[in-house]
Amino acid sequence: MSETTLTVYVTRPAAPLCERVCEFLELRGYDFETIDIVSDGDREMLRARFGYESCPLVVVGDQVVGKLQDAIEADREGRLRELLDGAPS
């Protein structure tokens, strides 16, 4: 079964929470891509697509997991892996 993409929307340069969520996901062994949010247009896209305009934002496919604490909880509860594997949540 193919896995769904895990994406982390981040701000650069090195926003502390953005770095922390990426470090957490790396330590937990997740493969993910990062997308830099650098302009007001990028923030507007986040707001229109996901209802958020601040980073970091963790998304699996088109489903918002949330911020750092949300990702930690989703991992702890097994929901993050279920989303990635395509299992019903």
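Tabulated values for the structure
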{"quantity": "The chain: most fluctuating residue of Leu46, Leu27, Leu17 per GNM, C-alpha cutoff 10 Å", "calculated": "Leu27"}
{"quantity": "Within the chain: Cβ-based charge dipole about Cα centre, in debye rounded to nearest 20 (Lys, Arg +1; Asp, Glu -1)", "calculated": "180"}
{"quantity": "Calculated FRET efficiency for the pair Glu53/Asp31, C-beta based, R₀ 35 Å, to 0.05", "calculated": "0.85"}
{"quantity": "Extension reserve of the Val38-Thr5 stretch, reckoned as 0.36 nm per residue once the Cα distance is removed", "calculated": "9.7 nm"}
{"quantity": "Candidate values (1) 1.48; (2) 1.03; (3) 0.96, label of the one derived for Cα Rg over 2.2 N^0.38 Å", "calculated": "(2)"}
{"quantity": "Over the chain, relative contact order from alpha-carbon pairs under 8 Å, at least 6 apart, %", "calculated": "36"}
{"quantity": "Model label zone, Val64; criterion: amide N under 16 Å from point 7 Å along Cα-to-beta-carbon; scope the stretch 70-87", "calculated": "70-72, 74"}
{"quantity": "In the chain, trypsin sites (Lys or Arg not before Pro) in a DSSP loop with at most 15 other beta-carbon atoms within 10 Å", "calculated": "Arg28"}
{"quantity": "Of all accessible heavy-atom area on the stretch 1-40, the percent that carbon and sulfur account for (1.4 Å)", "calculated": "48"}
{"quantity": "Charge dipole (the chain, unit charges on Cβ, about Cα centre) - positive-most of Gly78, Pro16, Phe32", "calculated": "Pro16"}
{"quantity": "CD proxy at 222 nm, helix term only [per DSSP H run n ≥ 4: -39500 (n - 2.57); per residue of the chain; nearest 500]", "calculated": "-13000 deg cm²/dmol"}
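The values are calculated or read from the model by the stated rules, or taken from the named source; none is laboratory data. Quick caveat, the model's predicted, so the values are computed rather than measured. Positions of Cβ are backbone-derived with ideal geometry, glycine not excepted, and every protein chain shown enters the neighbour counts. SASA here: full protein model, heavy atoms, side chains in, ligands and nucleic acids out. Shrake-Rupley method; radii C 1.70, N 1.55, O 1.52, S 1.80 Å.
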